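All remarks here apply to the structure that follows.
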Amino acid sequence: MSFSGKYQLESRENFEPFMKAVGLSDEIIQKIKDLKSTSEIEENGDTFKVTFTTGANAIVSNFTIGQEAELLSPTGEKVKGVVQHEGNKLKTTLKNILSVTELVDANTLVSTLTLGNIVHKTTSKRM
């Protein structure tokens, strides 16, 4: 299955505890917790362009599978990482955070961010 497409955020689990663990203030967490976001993924062979849009803000990450790229951490910090493609999953580790994005079926994208024993999970549906 191809990751390409636009996805709308449907649900979140453990958002606030995870964001606190990565260092965001309560004030910032309260401002962003109820914002709906969309993700657009463009997959061309091993090259990906991922655009996350929340409100008026858009963040774009470009990467090639297996090659180091500059990616954004959950706090918005630019960090180096290597994304691996394993079946229907994209995996990388950014500053001790394991990120796994899985295409669980043709229309459902599940992303998990794990820091220690805190797991933040989002589910998005293809638009």
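The values are calculated or read from the model by the stated rules, or taken from the named source; none is laboratory data. Note that the structure is predicted; figures quoted are calculated from it, not measured. With ideal geometry, Cβ positions are generated from the backbone for all residues, glycine too; neighbour counts draw on all protein chains shown. To get the accessible areas, we keep the full protein, side chains included, count just its heavy atoms, and leave off ligands, DNA and RNA. Shrake-Rupley method; radii C 1.70, N 1.55, O 1.52, S 1.80 Å.
Quick look at the numbers
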{"read-out": "Residue satisfying all of: in segment 60-78; of a type in the set (Ser, Thr, Tyr) and touching a Phe, Trp or Tyr at 6+ places or on another chain (Cβ under 9 Å); least open to solvent (accessible area, probe 1.4 Å) among these", "value": "61"}
{"read-out": "Residues of segment 10-29 satisfying the condition of being out of contact with any Leu (no Cβ under 9 Å at 6 or more places or on another chain) and of a type in the set (A, V, I, L, M)", "value": "19, 24, 28, 29"}
{"read-out": "Number of positions in segment 25-62 that are in contact with a helix residue (DSSP H, G or I) (Cβ under 8 Å, 6 or more places away or on another chain), aliphatic (A, V, I, L, M) and under 24 Å from residue 91 (Cβ atoms)", "value": "0"}
{"read-out": "Residue in segment 116-126 that is without any contact (Cβ under 8 Å) to a residue 12 or more places away in the chain, basic (Lys, Arg) and surrounded by 14 or more Cβ atoms within 10 Å (Cβ to Cβ) present", "value": "no"}
{"read-out": "Those residues of segment 52-99 which are at negative phi and not in a strand (DSSP E or B), in sequence order", "value": "56, 65, 67, 73, 74, 75, 77, 83, 88"}
{"read-out": "From the options 107, 88, 96, 62, residue that is closer than 18 Å to residue 24 by Cα and of a type in the set (S, T, N, Q)", "value": "96"}
{"read-out": "Tally, over segment 1-18, of residues that are among the aromatic types (Phe, Trp, Tyr) and part of a helix (DSSP H, G or I)", "value": "2"}
{"read-out": "Residue match in segment 19-29 (condition: in a helix (DSSP H, G or I), without any contact (Cβ under 8 Å) to a residue 40 or more places away in the chain, under 16 Å from residue 114 (Cα atoms) and open to solvent by 80 Å² or more (accessible area, probe 1.4 Å))", "value": "yes"}
{"read-out": "Members of segment 31-42 that are open to solvent by less than 90 Å² (accessible area, probe 1.4 Å) and either aromatic (Phe, Trp, Tyr) or without any contact (Cβ under 8 Å) to a residue 24 or more places away in the chain (or both)", "value": "32, 33, 35"}
{"read-out": "Flag for residue 110 being surrounded by 16 or more Cβ atoms within 10 Å (Cβ to Cβ), more than 19 Å from residue 14 (Cα to Cα) and among the β-branched types (Val, Ile, Thr)", "value": "no"}
{"read-out": "Candidate set from segment 1-18 (those that are under 22 Å from residue 95 (Cβ atoms) and charged (D, E, K, R)); member that is most open to solvent (accessible area, probe 1.4 Å)", "value": "13"}
{"read-out": "Any hit, segment 42-53, residues being hydroxyl-bearing (Ser, Thr, Tyr) and touching an Asp or Glu at 6+ places or on another chain (Cβ under 8 Å)", "value": "yes"}
